[in-house]
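Working notes for the structure below.
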Amino acid sequence: MTTDEKMTLDERYTYLRRMQRRYRRADRQEKKQLLDEMEMHTGLHRKSLIRRLNQEIRRKPRCRERDVTYGPDVDAALRILWEAFDYICPERFTPELPAMAQRLMDHGELQLGPRLQQQLRSISISTVRRHLPPNPLVHRRRKSPAPLNRHQQQLPAYRIPRDVAAAGHLELDLVLHCGSSTAGEYMSTLQMIDVATGWSGRRAILGRSHLVIEDAFLVLFGRFPFCVKEVHPDNGSEFLNEHVLTFFQELYPHMHCSRSRPHQPNDNRLVEQKNHTLVRYYLGDRRFDTVTQTRYLNTLYAQLDDFYNFFQPVMKQIDKYWVPATSSRPAYLKRVHDTPRSPLARLVETYSESELPAAAQACLDRRETLNPLQLRRKIHQGLDHLFAYPNALPGDVQDVFQTLAHPEHFPAAQAALQDQEPETDPETEGPPTSRDTPESTA
């Protein structure tokens, strides 16, 4: 019989040394009671306890210590590879180790010998978890979704099945960057996630008017290397309003619109999860409320699209089942995932080699020109640039028209911008040094 909490090896030796003194002074009946007690506490067999108590109780050194299989060179390589993967979990990280190591060697970021390459191919997930340094990420909670409105009655409500095979079924959501106050105009991020492949896209918008929402859809739909078949937002009024629904009917009549059910956040489970890992992790809970910040963040989002869609492996749930309780553990829900692969790899798998679209082939060609480690470093350097921009002063009025990528689709925006001087490209300018920096340098 064993106790609920097992003794460690050192605790067991300490306990037996104390009991040994009582055991040697005891008579036959007392020895029987002591053996019963020790058997219950240690879980050892009775004969084993007798042999131990009749000799000196001490730990003996190993005859031969175990060899170290994975040394400091493996630890150093794992640190660089983990950074290239943006510090993801070992379950997603380990299967892609050989491919990423070869990619970084091609770009001159790693120098690995044949033995070290073989170790990276054979290392297990549990070993990787032991050899990785502490996770440097800081997790933050996302904000609650916006309230419902009357337009939800126009669209069917359900959850897109996780086993949908064709690309183009998009979950979408809006992440607010208002800081500690929702007063005034501030920036938001419109994010879309494809259910079949995990392909993601983001667009920063200033305010939540139908004009900036529609402009963001034009940009993101144009970037996807597949045809958009369905959009699936939550019940927020920024999506379910007369302007946006009419926009979809006129420009994308083939596209189906649906929504998640009220008070069921798991209906948009993929985009809700990525709101943290792909948006909040980078931007935190800061407030952004200027044209300059919006335009510059969109340049970073274009780089993030390449980094995550080309190189970051994602796991897709393929099954789940209930495991009943046993005497040693409670019941729990077991989830089964497939082999981690990048969204681009999953997209290519949905087509035969002869049917691969030109847009998907262009993504494959572009991936070969990119250094993932340098791309990640460039993104984080760009974040420091973004955080250096000042927020709007009280009373400052921001021109939302300057954030549009397609002002030609909106007559009011086009007319307003014709009277303004051309803006500087936000990718080429330096970060501001004070709050007096004019916003026109965006």
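Values in this text are rule-based calculations from the coordinates and carry no lab data. None of the values given here were measured: they were computed from a predicted structure. Quick reminder, even Gly has a Cβ in these numbers, built from the backbone with ideal geometry, and neighbours come from all protein chains shown.
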If you build a Gaussian network model of the chain, linking Cα atoms that sit under 10 Å apart, which residue out of Pro134, Pro357, Pro61 swings the most?
Pro61
Taking θ as phi - 60°, what are the ³J(HN,Hα) couplings along the stretch 15-25 by the Karplus curve (6.51, -1.76, 1.60), each to the nearest whole Hz, with x for Gly and Pro?
5, 5, 5, 5, 6, 4, 5, 5, 5, 6, 8
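Ranking request for peptides 291-297, 304-310, 394-400: highest mean number of other beta-carbon atoms within 10 Å first, then the rest in descending order.
On the way: 291-297: 25.0, 304-310: 20.4, 394-400: 12.0.
Averaged packing, sorted descending, gives the order 291-297, 304-310, 394-400.
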Sort 181-190, 10-19 for me by packing, meaning the mean count of neighbouring Cβ atoms within 10 Å per residue, highest on top.
181-190, 10-19
Directionally averaged shadow of the stretch 72-131, computed from the convex hull of its alpha-carbon atoms, nm²
3.6 nm²
Calculate one ³J(HN,Hα) per residue across the stretch 69-77 by plugging θ = phi - 60° into the Karplus curve 6.51 cos²θ - 1.76 cosθ + 1.60, and present them in order as whole Hz with x for glycine and proline.
7, 10, x, x, 5, 5, 4, 5, 5
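For Tyr332 and Ser209, compute 0.36 nm times the residue count separating them, minus their Cα-Cα distance, and round to one decimal in nm. Please list the in-between numbers first.
On the way: separation 123, 0.36 × 123 = 44.28 nm, distance 4.42 nm.
39.9 nm is the gain from fully extending Tyr332 to Ser209.
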Honestly the stretch 11-130 on the Cα gyration tensor test (a ≥ b ≥ c root eigenvalues; a/c under 1.5 rounded, otherwise a/b vs b/c for prolate or oblate) is just prolate
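For the stretch 229-296, what class follows from the C-alpha gyration tensor (a ≥ b ≥ c being the square roots of its eigenvalues): rounded when a/c is under 1.5, otherwise prolate if a/b is larger than b/c, else oblate? Let's see the in-between values first.
Numbers: a/c = 2.24, a/b = 1.36, b/c = 1.65.
Oblate, because a/c is 1.5 or more while a/b does not exceed b/c.
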Tilt of helix 372-388 relative to the longest C-alpha principal axis of the chain, in degrees (0 to 90, nearest 10)?
60 degrees
Residues other than Glu96 with Cβ under 10 Å of its Cβ, Lys/Arg counted +1 and Asp/Glu -1, net out at +3
Calculate how steeply helix 242-251 sits against the longest principal axis of the alpha-carbon atoms of the chain, using the helix alpha-carbon long axis, and give the answer as 0 to 90 degrees to the nearest 10.
80 degrees
Using a Cα distance threshold of under 22 Å, what count of lysine pairs results for the chain when pairs must be 8 or more residues apart or interchain?
14
On a 0 to 90 degree scale, rounded to 10, what angle separates helix 210-223 from the longest Cα axis of the chain?
70 degrees
Cα-projected label distance for Glu83 with Thr69, points at 7 Å along beta-carbon direction, nm
2.7 nm
From the coordinates shown, Rg and Dmax of the Cα atoms in Å corresponds to which of [x] 26.6, 92; [y] 38.4, 139; [z] 29.4, 106
[z]
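Would you please classify the overall shape of the stretch 346-422 from the alpha carbon gyration tensor, given that a ≥ b ≥ c denote the square roots of the eigenvalues, rounded means a/c under 1.5, and beyond that prolate means a/b larger than b/c while oblate covers the rest?
Oblate, because a/c is 1.5 or more while a/b does not exceed b/c.
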Send over the Kirkwood Rh of the stretch 1-54, from the inverse of the averaged 1/r over different Cα pairs, rounded to one decimal Å.
11.3 Å
